1. Residue by residue through the range 215-259, note down the ones that are under 16 Å from the mean Cα position of the chain (by Cα) and farther than 15 Å from P153 by Cα.
2. Condition first: touching a helix residue (DSSP H, G or I) at 6+ places or on another chain (Cβ under 6 Å), in a helix (DSSP H, G or I) and under 19 Å from P105 (Cβ atoms). Now tell me which residues in the range 125-171 satisfy that.
3. Pick out the one residue from G164, G221 that is touching a Pro at 6+ places or on another chain (Cβ under 8 Å), surrounded by fewer than 18 Cβ atoms within 10 Å (Cβ to Cβ) and assigned by TED's automatic domain parsing to the domain that holds A138.
4. Report, by residue number, each residue of the range 120-161 that is surrounded by fewer than 18 Cβ atoms within 10 Å (Cβ to Cβ) and of a type in the set (S, T, N, Q).
5. May I ask you to verify whether E49 is modelled with pLDDT under 95 and surrounded by fewer than 16 Cβ atoms within 10 Å (Cβ to Cβ)?
6. Please find, within the range 328-343, the residue that is surrounded by the most Cβ atoms within 10 Å (Cβ to Cβ) out of those that are under 11 Å from L304 (Cα atoms) and among the aliphatic types (A, V, I, L, M).
7. Among (1) at pLDDT 95 or above; (2) basic (K, R); (3) surrounded by 15 or more Cβ atoms within 10 Å (Cβ to Cβ), there is one condition K366 misses while meeting the rest; what is its number?
Amino acid sequence: MQFHRKQYLDLMTFGRADRPMFVELFGPLVGLENEWLAQGATPDELTLEAFDWDYVPVTTCGGATGVFGGPPPVVLEETDEILIRRDEMGRRTKLIKSAATIPLPMDHPVHDMDSWVKIKPLFTFREDRIDTEAIARARAAQEQGTLVVAYIPGGFDIPRELMGEELSCMAYYEQPELMQDIIDTMKDTSLRVLERVTDTLVIDQLSVHEDLAGKAGPMIGPTQIETFIKPYFSSVWDLVHSRGTQIFDMDSDGNMWRVLDAFIGCGVNSMHPMEPAAGMDVVEVRKRYGTKLAIRGGIDKHVLRTDKESIRKELEYKMQPLMREGGIAFGLDHRIPNGTPIENYRYYVDLGREILGLPPRNGAHKGWRRMAF
């Protein structure tokens, strides 16, 4: 079912929700399509249209806050197995076509203040970051029910992309002036862009990609968040929230328990995908934080590779009455893993709809469609 932006905002801000939302956030991992084909999946199942997933149409706000104005990516090498490019930040990146959709950097452009100064113009404000025609299109789409989203660069994510994980984590201690200048630059640009955008458009959701944790926990702690990231996030959130924005959503994998309080203190009020394999239990999150934190995802993707009884147990726990009081879009905690039988996925969808009181699939209604691999 297609949600209107007002329905989605009501649901995710714990208002009056017409019905639960059951979603597929990311789609299959590379290679699963071939497995499902061999198991007799239909074309509509491969696109996921057959499963009638709930979704809300989304558009960007018309203001660019991240990397901007760099040289276009250049292909350096390509075979059937790999794709190596030089990206807009000057990094060489490598994509393993059979295993991934996101390339990994092979090198990083920033090591110290001098190297940061050279690339800093890609992050500073310039007038052409404001696309007035795109803002007008977003406003028209919003009137028809589309959710308007503004994306800001991550306070952890961008330094990691610029320096790599080890150097960026050490920079909080060894090069704090460098870290502060990177984050202050992103803050200044984001504020100037979004102030202009929100002069004529209400942004529905502020979104940030951080991805700062693994199974063992986050790579930075509350002190680094309070010192470096909070002034950035809070300033941007205070601006857009004062002009009507209702949701501040963060995307991070891994075990985020130790930093949830710190990010909520920055204004974050929604998070995904909440990975059970990393120790994130959305029921416990709801018990601890109540209406302070909305959730997307949280259902263990790995259980789909087991058996129907395990799938039932997972859904009955995650979809219990406490979790059906709003503030959640039920869905898997990341991409559908390889080794998931199509029959198990069908069962997962149909059982979830039954538990949530949604009508059975009938083939006539088609929902969210995944992008092609």
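1. Listed by number, the residues that qualify are I247, D253, G254, N255, M256.
2. Within the range 125-171, P159, R160, S168, A171 meet the criteria.
3. None of the other options fit; the residue is G164.
4. Result: T124, T132, Q144.
5. So E49 does not fit the description; no.
6. At the first step, the residues of the range 328-343 found to be under 11 Å from L304 (Cα atoms) are 332, 336-343.
Subset that is among the aliphatic types (A, V, I, L, M): 332, 336, 342.
Numbers: L332: 26, I336: 22, I342: 18.
Within the range 328-343, the match that is surrounded by the most Cβ atoms within 10 Å (Cβ to Cβ) is L332.
7. With respect to (1) at pLDDT 95 or above; (2) basic (K, R); (3) surrounded by 15 or more Cβ atoms within 10 Å (Cβ to Cβ), K366 is out only on (1).
The rows are residues; the columns are (1) touching a helix residue (DSSP H, G or I) at 6+ places or on another chain (Cβ under 6 Å); (2) under 25 Å from R324 (Cβ atoms).
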| position | (1), (2) |
| --- | --- |
| R243 | no, no |
| N269 | no, yes |
| R288 | no, yes |
| I295 | yes, yes |
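The values are calculated or read from the model by the stated rules, or taken from the named source; none is laboratory data. Remember, it's a predicted structure, so these values are computed and weren't measured experimentally. When we count neighbours, we look across all protein chains shown, and the Cβ atoms used for this are built from the backbone with ideal geometry, even at glycine.
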